[in-house]
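To start, the structure under review is shown below, and the notes come after it.
The values are calculated or read from the model by the stated rules, or taken from the named source; none is laboratory data. Predicted model, so just to flag it, every value in this text is computed and none were measured. No Cβ is skipped: glycine too gets one built from the backbone with ideal geometry, and neighbour counts run over all protein chains shown.
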Amino acid sequence: MIVKVILFLFSLTECTRGCNYASSLCGAFIVYTSKNLDRPDAILTPNSDHYAIGECAPTYIIVKLCNEVKINCVELQNKEYLSSFPRQIKLSTYIDGSWVSLGSFSCRFTRGQQLFYVKNDVFTSILRIDVLNFQGKHSLFTLTSLKVYGSTILENLNVNNLTYSRAINFNNKLPHYENKNDIEDIMRSIRVVKMLMEKSKIIFAGILGFLSLVVFYFVFRKSLQR
């Protein structure tokens, strides 16, 4: 239980760098995979001791993200030693009843994190990863983690670019705001709130990091007493 708490706190601190929308902690899950892959759910957890494993054959994984986002980066990692690695992958999303390619990428033969940046103009909660071929001498391949970064619809609303001519179109819906100064005051308030939210993320991450250290200290102390 304590280990799960530490992993959860660690996953929350990652949100200061960009939230991982493929994390099982926020509700992401595996929709479907090819039959040659076992334990696919492991790639959505923060536990690096768990991993997906399968025969080196064309493999696909379909993931339901925990939010609709405009995907801009996908991270894959394989930390295992006695296994082969993906060589080429293809990323796709599901739009209007068909699969739309986000790009094909070459993977490095490394146990470090590999980032794949995509150009994407649509919001989606479905991601498909096709592993096309492999590198290495082993008959089995593994995947330790999958992370998906992007921006939600609200995060894409750029209030700084909202001009008076656009805002005035809302007069019929918002009759209370009658002039440009009122609208500018609203925009200024939104910018202040947004700035405070960004600062609060950093403070929140620091608090979570401190709590993680406290929990780790008591667990370590208890283990010594045994």
Within the range 127-150, tally of residues that are buried (at least 17 other Cβ atoms within 10 Å of the Cβ) and part of a strand (DSSP E or B): 15
When the range 60-111 is checked residue by residue, the ones that are assigned to a strand (DSSP E or B) and basic (Lys, Arg) are 64, 70, 87, 90
Can you find even one residue in the range 68-83 that is touching an Asp or Glu at 6+ places or on another chain (Cβ under 8 Å) and charged (D, E, K, R)? yes
Considering every residue within the range 112-134, establish whether at least one is acidic (Asp, Glu) and in contact (Cβ under 8 Å) with a residue 24 or more places away in the chain. yes
Return yes when residue 37 is modelled with pLDDT of 95 or more and within 30 Å of residue 211 (Cβ to Cβ) and no when it is not. no
Checking the conditions here, which among 38, 121 is out of contact with any Ser or Thr (no Cβ under 6 Å at 6 or more places or on another chain), of a type in the set (D, E, K, R) and within 25 Å of residue 156 (Cβ to Cβ)? 121
When you scan the range 11-28, do you find a residue that is modelled with pLDDT under 90, among the hydroxyl-bearing types (Ser, Thr, Tyr) and touching a Pro at 6+ places or on another chain (Cβ under 9 Å), even just one? yes
Residue 123 vs (1) closer than 22 Å to residue 41 by Cβ; (2) buried (at least 17 other Cβ atoms within 10 Å of the Cβ): all pass except (1)
Can you pull out the residues in the range 119-142 that are more than 17 Å from residue 83 (Cα to Cα), among the β-branched types (Val, Ile, Thr) and touching a Phe, Trp or Tyr at 6+ places or on another chain (Cβ under 9 Å)? 124, 126, 129
Hey, residue 44 buried (at least 19 other Cβ atoms within 10 Å of the Cβ), closer than 23 Å to residue 26 by Cα and within 14 Å of the chain's Cα centre (by Cα) or not: yes
If you check residue 89 against the conditions, is it within 21 Å of residue 18 (Cβ to Cβ) and not aromatic (Phe, Trp, Tyr)? yes
